[in-house]
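Q: One structure is given below, represented as structure tokens, and several questions about it will come after.
Bear in mind that the values in this text are calculations on the coordinates, not laboratory data. Because the structure is a prediction, the values reported are computed rather than measured. When we count neighbours, we look across all protein chains shown, and the Cβ atoms used for this are built from the backbone with ideal geometry, even at glycine.
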Amino acid sequence: MQSETSNDTLSDTALHVKPKLTVTEFAIRYGFIALTLGLVLFFSIFAEGFMGPYSAVFIFQSVAITGILALGVTVTLVVDGFDLSIGSVATTSLMLSSYVLVVWELSAVTAVGMCLAMGAVVGLINGLLIVKMRVPDLLATLGMMFLLVGLQRIPTQGRSIATGMTLPDGRVAEGTFSKAFLALGRHRFDFFIDNLIPVSVIILLVVGLLVWGFMELTRHGRVMYAIGSNQRAASLAGANVNRYKVLAYMISGVLASVGGILLAARLGRGDIASGNNLLLDSVAAALIGFAVLGAAKPNAFGTIIGALFIGILLQGLTMMNAPYYTQDFVKGAVLVVALVFTFALSKRGGAH
Amino acid sequence: MRNDAVKLAGITKVFGANDVLRGVDLVLNPGEITVLMGANGAGKSTLVKILCGVHTANAGTITLGGEPFSPSSPSEAIRAGVVTVHQSINDGVIPDLDIASNLMLDHLTAPGSGFFLNKRKHRAEARKIAAAMELNVDVTQTVSELGLADRQLVAIARAMAHKPKLLILDEPTSSLSAVEAQRLFRLLDRLRDAGAAILYISHRMSDIRRIADRIVSMRDGIISGVFETAPLDYEGAVKAMLGHAMTDVDVHIPEAGAPVIRLSDISLRPGSKPFSLDLHANEVVAITGLVGSGKTDFANILFGLGQPITGSMSLHGKPYHPITQRQAINAGVFLCPKDRASNAVVQDFDISRNITIPFLDRHSAFSFLNRRSERTKAQCTITDLGIVCQSDGDEIGSLSGGNQQKVMVGRWLSEASNLLVLDEPFQGVDIKARRDIGHKIRETADTRATVVLVAEMDEALEISDRIIVMADHTIVGDHRNDNVDLARVLTQVAGQQSETTDKTEHAI
């Protein structure tokens, strides 16, 4: 007993009509990428030395660590969470790896392993605080952030770690950053030109590819997006919501610790003052990523483009002699514009 | 025709290429409740949105008490005396504020109402409004502590504080229990007697029979029938709305198959009477009962959302005691939950992704998803249920309510199950979509046991082979849907609770 009206529309179903792209839709989808390319073009013409392999590699290198952290935040954003502790996990990882190498004089492999385990454990605790103790995500990870910022200073009484430093008990630390560990921050692979691509850039690309593939191509990623959109519906469709949320925070913690290891390897010392900007920069990259390809949701590809966009902008402006203190202003402005792209222009804005 | 009536003449509205309203003429008299009926997409909501200032008509005039009326914003409509209570209750109240502030909200936001708040005066005013509405509540109570019905009444009281010339209610009973609905009806009776024109939109025949002075049917953007002489011609109104008669569905009861799931000595709550029940293949069982009768608890234990206090279950002869929803789904027991917006629809996903959520492992190899397999499945579901859409890639939010519900039911029909439980599958859908969904459930039922939880007796009679009545967390009646003794069913529905008479009236 189908009525006439529904039969008419049914015949359309089979045709798969592609909706025609209006100007606004086009702007929402490709606007940000067009803007990025435009920026590259602009700086290539007006900033001397901007166009070139070394400059390009420098941009990638400058955003590699933030980018890796941003991918972690992206994963937590997907399940409708937020990880504010990534910056302090990264600096804790920086201090921990330095302590293991310089004070305990253990191997590079041990240092890396312990950092990754630390990241996973912090992520696990964050996740359990959120799903078991029902602490709101922002508050749980904010608390963890404070805790870690304090914790990483206790073993050295608030001092940076370097070979030859005096420990609280009066001994002198004799260990050194091993060659293998420093290579993580300083080795460059040949790519057409000798010694071109740093390890951190390779790791960014690999991590980006893995996170993208996991979120977009596997059923686990799909379920995580479902949880982010409607947790109750996902749960009633058989998803183990708590387990996926904990997993997201663990991924975020591990990626943040990777960022910290790379930072330690680049600096060659456990610098207590490093990594202050990591949290804000990586959150900005992840949020800018919402605007890329009109996704209007957290996504790995967008996050990397977002990180690169900031890198290109800062590199270009620096080459055009813009003073360093304008950098945060520029980042903030970009973030605001990107958020307008996401929420005002896209379908998200219309729904509310 | 009276001078103080609301008159609509030749109202048209076009959205893009769609003529949504094609010349609506309608008069709403004071002291009369007009029920507006129409299938999803007939233009009801658009008409309401024009009246309450959300949209502007492309052509036509509205007069309100002789004055021309063309509001450009909801607040303008309210000031002119047209007040709307929307379907979603929480749009009408602010949960974190107390009742007094809610009732006085429009006064608080009005320009020139002073900077400081005189709490005593504020509460006294609010009490006056509440008393006028015979709303017996403590005005200092926070709205979030109230039940749905009280919230709804607060929203209406707030609306009535404007002394409206026209009050519009959009499916106000959709989240109320029978008793709560009765309270609302009594209130509406008083408002009508006080001389307000009321436009009442509903799909529920029981509400319409109770409340209507007059029925207006809409179809394809025009008024297709006006029924105002007593006794009202309900059949005619439905016919005018659908374009064909609402023939009573022939429930042809097929032979039930082997038992699929057996429940023995189950008690749902401590102290509730244990019951046993067999559900068979090729059998559609409707479970009916009041809000709080244990229907939901019953569905929960089948789907692993709760555990029975005592008793055991077996599925195809094997013990069945799910702890998680995943275990239930893997055992072939599916639950299509009620309240699709909060429990089922994933707004960020398109149709195909919404359909496959519970079954992603069947559409993936080594965790990697196979989009083609997902889309094929989705296209089958779209064709099977007659979902009106452009393609399986449409955003779920772009579909009408009835079609969204079809997608949600389609999600659980898309894979074979042993037991399918549908909780209020006809919630907020028009009669046409309800028929489509009902047919599909019946048509696919031969290999599984099917349980449908419905509060409306009409729906139970329409879909089921067997009607089970629950009260006080146990089964109090089991009827073959074949010349059912309705009076007896209704007595059982009412159980031992005191409001017996109210409910019987509502359920019919």
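Q: To two decimal places, what compactness ratio does region B:298-395 give when its Cα radius of gyration is scaled by 2.2 N^0.38 Å?
A: Details: Rg = 16.1 Å, N = 98, 2.2 N^0.38 = 12.6 Å.
Relative to the rule-of-thumb radius for its length, region B:298-395 sits at 1.28.
Q: Relative to the longest principal Cα axis of chain A, at what angle does helix A:219-229 sit, 0 to 90 degrees, rounded to 10?
A: Its long axis makes an angle of about 80 degrees.
Q: Right, here's the next one. Size of region B:6-242 along its principal axes in angstrom, Cα-based, largest extent first?
A: So the three principal-axis extents are 52, 38, 30 Å.
Q: Taking only Cα atoms, what is the 0 to 90° angle, nearest 10, from helix A:300-319's long axis to the longest principal axis of chain A?
A: 60 degrees
Q: Indicate, rounded to the nearest 5 percent, the antiparallel portion of the DSSP beta bridges found entirely in region B:6-242. The partial results should precede the final answer.
A: On the way: 21 of 40 bridges.
If I count the DSSP bridges inside region B:6-242, around 50 percent turn out antiparallel.
Q: Using every Cα-Cα pair within chain A, state what percent have a distance larger than 30 Å. Please list the in-between numbers first.
A: Values: 26656 of 61776 pairs.
Tail of P(r) above 30 Å: 43 percent of Cα pairs.
Q: Another question, if that's okay. Percent of Cα-Cα pairs more than 25 Å apart in region B:198-321, please.
A: That tail contains 52 percent of the Cα-Cα pairs.
Q: What are the semi-axes of the equivalent ellipsoid for region A:214-263, taken as the square roots of 5 times the Cα gyration tensor eigenvalues, largest first, in whole Å? Don't skip to the answer; put the middle values down first.
A: Numbers: eigenvalues 132, 24, 11 Å².
After scaling each eigenvalue by five and taking roots: 26, 11, 7 Å.
Q: Looking at region B:68-162, which chymotrypsin sites (Phe, Trp or Tyr not before Pro) are in a loop (DSSP not H, G, I, E or B) and have at most 16 other Cβ atoms within 10 Å? Write down the numbers at each step before the final one.
A: Numbers: sites: B:Phe69, B:Phe115, B:Phe116; in loops: B:Phe69, B:Phe115, B:Phe116.
Sites meeting the loop and neighbour criteria: B:Phe115, B:Phe116.
Q: If you don't mind, another one. Viscosity 1.002 mPa s, temperature 20 °C: Stokes-Einstein D of region A:254-352 from its Kirkwood Cα radius, in µm² per second?
A: Working: Rh = 14.9 Å.
Answer, rounded: 144 µm²/s.
Q: Along each of its three principal axes, how wide is the spread of alpha-carbon positions in region A:192-277, in whole angstrom units, largest first?
A: Over region A:192-277, Cα extents along the principal axes are 52, 37, 17 Å.
Q: Related question: Specify the angular offset, from 0 to 90 degrees and rounded to the nearest 10, of the alpha carbon long axis of helix A:108-131 from the longest principal axis of the alpha carbons in chain A.
A: The two axes meet at around 50 degrees.
Q: Would you mind working out the magnitude of the charge dipole of region B:382-453 relative to its Cα centre, with +1 at each Lys and Arg C-beta and -1 at each Asp and Glu C-beta, to the nearest 20 Debye? The partial results should precede the final answer.
A: On the way: 8 positive and 11 negative charges, 51 e Å.
With Lys and Arg at +1 and Asp and Glu at -1, about 240 debye.
Q: Over the whole of B:344-354, what's the average partner chain Cβ count within 10 Å per residue? Rounded to a whole number, please.
A: Values: counts 5, 3, 11, 5, 8, 6, 0, 0, 0, 4, 5.
Rounded to a whole number, the mean comes out at 4.
Q: Right, next: Suppose we keep just the DSSP beta bridges with both residues in region B:349-459; what percent of those would be antiparallel, to 5?
A: On the way: 3 of 8 bridges.
Taking every DSSP beta bridge with both residues in region B:349-459, the antiparallel ones total about 40 percent.
Q: Still on this structure, I have one more. Which value at 222 nm does chain B reach when only helices count, each DSSP H run of 4 or more adding -39,500 (n - 2.57), with the total divided by all residues and rounded to the nearest 500 deg cm²/dmol?
A: Values: 19 runs with 173 residues, N = 508.
Result for chain B, helices only: -9500 deg cm²/dmol.
Q: Further question: What number in nm² do you get for chain B if you take the convex hull of its Cα atoms and divide its surface by four? Write out the running numbers ahead of the final one.
A: Details: hull surface 105.3 nm².
Taking a quarter of the hull surface, the average projection is 26.3 nm².
Q: Here's a follow-up. When averaged across all projection directions, what area in nm² does the alpha-carbon convex hull of region B:338-421 cover? All intermediate terms of the calculation are to be shown ahead of the outcome.
A: On the way: hull surface 22.4 nm².
Convex hull of Cα atoms, orientation-averaged projection: 5.6 nm².
Q: Let me know the mean shielding of A:235-246 by other chains, meaning the per-residue number of their Cβ atoms within 10 Å of its Cβ. List each step's numbers first, then the result.
A: Values: counts 5, 11, 17, 16, 5, 3, 0, 0, 0, 0, 0, 0.
What the average comes to for A:235-246 is 5.
Q: When we measure straight from the Cα of B:Lys295, which lysines land under 16 angstrom away, once same-chain ones fewer than 8 places off are left out?
A: Cα-Cα hits under 16 Å: B:Lys273, B:Lys338.
Q: Right, next: Could you tell me which of the pairs B:Lys119/B:Lys165; B:Lys44/B:Lys239; B:Lys406/B:Lys440; B:Lys239/B:Lys432 are separated by over 20 angstrom between their Cα atoms in the structure shown?
A: Result: B:Lys119/B:Lys165 exceed 20 Å.
Q: Per the Kirkwood definition applied to all pairs of different Cα atoms, how many angstroms is the hydrodynamic radius of region B:281-338? Please list the in-between numbers first.
A: Details: mean 1/r = 0.0806 Å⁻¹.
Value: 12.4 Å, from the Cα pair sum.
Q: I'd like the per residue volume of the convex hull spanned by the Cα atoms of the protein assembly as shown, given in cubic angstrom. Don't skip to the answer; put the middle values down first.
A: Numbers: hull volume 190.2 nm³, N = 860.
Per residue, the Cα convex hull of the protein assembly as shown comes to 221 Å³.
Q: Other chains near B:325-333: what is the mean number of their Cβ atoms within 10 Å of each residue's Cβ? Show your work: numbers first, answer last.
A: Values: counts 7, 5, 1, 1, 3, 1, 0, 0, 0.
Partner Cβ neighbours, averaged per residue: 2.
Q: Post the alpha-carbon centroid distance, region B:291-331 to region A:44-98, in whole angstrom.
A: Rounded to whole Å, the Cα centres lie 48 Å apart.
Q: Using the per-residue mean of other Cβ atoms lying within 10 Å as a proxy for protection, in what order, highest first, do the peptides A:132-144, B:151-163, A:254-266 fall? Could the numbers behind the result be given before it?
A: On the way: A:132-144: 16.1, B:151-163: 21.6, A:254-266: 28.2.
Result, highest mean first: A:254-266, B:151-163, A:132-144.
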